[in-house]
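K.L.:
A single structure is presented below for examination.
None of the figures in this text is laboratory data; all of them are computed from the coordinates on show. As the structure is a prediction and not an experimental result, all values here were calculated from the model. Reconstructed Cβ throughout: ideal geometry from the backbone, glycine too, with neighbour counts over all protein chains shown.
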């Protein structure tokens, strides 16, 4: 593989810097819009202050853990005589950038929420513009920052891809803690606000008399924005590095470095297409915000497909690899449609849960859980399609270079290219992801500030759409994560062959399923996601119990709160959720760090391969079940709140709230953290291969 850098090598980091600059410009434009009334400003400041206070505590905890692990990596792998401590340094860069990505997303979201609500006075297009662009800042900043980080370390370390795996490890670890801690906080506050406010006191969801209402809105930002921001930076970074590891092998054989940087170029292309597609996020007199966002996605996807054709055929000269990228793009669209079907109120699954609520909480739970289990089938078939399609076209690519590239290596690279295709539309998907919590906050702020009914009804349209977009983007993240985890698994085997003293090729690696160590590792891998999810959901339950007790205490000791003559103590609920989230995230957060190391040291490096494969399959299935099922439960409640099946305050509504109480930690705590777990165990295993070989 040629070493000298050419002009094309600088495209990805340049686009990364331009993307961040454009994100800053959009944030500046959002800030120009008015916040609103004095009451709106008061709520706005409370949410921003609470969000920043939480992140300060959380980032302090994560930083301590990251520094300890960096010291271990330095002692174990870095030689001070080599100059920069490469593994530990790249690990710290990954952790720091992941947290930075989360903070920037949260900061812009908390600036956009009140402005979105106030803009509702002027119709529907202006609030859509503010909320969508607020989410776009997170997308542009995250992808741009990832391109800069990966490119910089790639060039700094002399194209030794194995040394920048620490970047993926650091970003995965920080993202897991950020997503998990934020998820515990937001769902504990949400459950507390719902059970005492809605069910017991009979007041609306975002009624300012509810002591947990500000904590609930803070939770949307620290969980759905900051946690997701860190998570999405990690996703893009880990997936690009995995594809680049496979690309190094192909590039060395064919003497074309473009195979290594192709993932970065595909991401850069996606950013350009996202910005060009931005003006198309509109529709005349729309009543469903999904329509203009769908228009923007269609334009962006078409631009991505055209761009991928020229990018792939001009850099690596393979039409079959272009077809592999199309498999990834179309897989993203299929996941989008499937998730929409299972979470939108106009389709069978949500309506079935809503109707079942008329028979009480028990039937709601049974029906909702059935929908959750069913919702795993089609997404997994899409992942199978993406994996099989990518591998097939990769094999055809290998035939283009018969005698040089083996069909298996070509298939692995084809799968990596399919993952690139999925990631190429990440910018527009992330915009919709950030849109969800912004409009959720906007709806709550409109109600808490006493805005007139016409404004609240208009913002409620966005709130309902936002709940759907959050589910859609989680489905996208999960499918790309599942495919990327398989690439990381293959990258693990490739690195294992390179670092082993034995003369072994990728094609000759065999994991012996008769070996008892392999079977043990398969069971441990399948078990890990369930154990992790158990800790995460239990943490929400324990924290919610404390929040519920606090809200009840305030209602009992201050009867004037419900009468509107006394003010609730919002800060107490925030403090309870913050302290509990920091404490409860430690054990589940360390599980995916400790378990792969134990498996590798005790059972050996090939057992780790079996462990990774089993955990990837188990974790992906469980995550789809929790994410999609939880969103269906939530939207069934919102469906009833529109007036169907008895409407607000009915027995069906109360039953749906109970179902939503179960669905909330599914979709916003354990589910999103599971796909981070799947990639974290892969990146940590890649990092510690030398240790596993030492004990083999």
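K.L.:
Under the 0.36 nm per residue contour assumption, what length would be gained going from the current alpha-carbon distance of residue 598 and residue 319 to full extension?
P.N.:
That works out to 96.1 nm of additional length.
K.L.:
Separate question: Compute the length gained on full extension between residue 341 and residue 693: take 0.36 nm times their separation in residues and subtract their Cα-Cα distance, giving the result in nm to one decimal.
P.N.:
Between residue 341 and residue 693, full extension yields 122.0 nm more.
K.L.:
Can you give the helix-only mean residue ellipticity at 222 nm for the chain, where every DSSP H stretch with n ≥ 4 adds -39500 (n - 2.57) and the sum goes over all residues, rounded to the nearest 500 deg cm²/dmol?
P.N.:
Estimated from H runs of four or more residues: -27500 deg cm²/dmol.
K.L.:
Here is a follow-up. What order do you get for 413, 155 when you list them from fewest to most C-beta neighbours inside 10 Å?
P.N.:
Ranked by crowding around the Cβ, least crowded first: 155, 413.
K.L.:
How do 345, 318 line up, fewest other C-beta atoms within 10 Å first?
P.N.:
Going from least to most buried by this count: 345, 318.
K.L.:
Something else now. Using alpha-carbon pairs under 8 Å, 6+ residues apart, how would you state the relative contact order of the range 605-688 in percent?
P.N.:
Reported as a whole number, the value is 41 percent.
K.L.:
Put a dot 7 Å past each Cα toward the Cβ at residue 31 and residue 373; how far apart are the dots in nm?
P.N.:
The answer from the label model is 5.2 nm.
K.L.:
Hey, what angle do you get for helix 290-315 against the long axis of the chain, alpha-carbon based, 0 to 90 degrees rounded to 10?
P.N.:
Orientation of helix 290-315: about 10 degrees from the principal axis.
K.L.:
Any idea what angle helix 258-277 forms with the longest principal axis of the chain, computed on alpha-carbon atoms, 0 to 90 degrees, nearest 10?
P.N.:
Compared with the principal axis, the helix lies near 30 degrees.
K.L.:
Fewest to most neighbouring Cβ within 10 Å: what's the order for 637, 583, 32, 346?
P.N.:
32, 346, 583, 637
K.L.:
State, as an integer percentage, the relative contact order of the range 7-695 based on alpha-carbon contacts under 8 Å between residues 6 or more apart.
P.N.:
This gives 21 percent for the range 7-695.
K.L.:
Helix 651-665 versus the longest principal axis of the chain: what is the Cα-based angle in degrees, 0 to 90, to the nearest 10?
P.N.:
Roughly 30 degrees, rounded to the nearest 10.
K.L.:
Along the Cα→Cβ direction, 7 angstrom out, place labels at residue 152 and residue 41. What is the inter-label distance in nm?
P.N.:
3.8
K.L.:
Still on this structure, I have one more. Between residue 511 and residue 363, what is 0.36 nm times their sequence separation minus the Cα-Cα distance? Round to one decimal in nm.
P.N.:
In short, 48.8 nm is gained.
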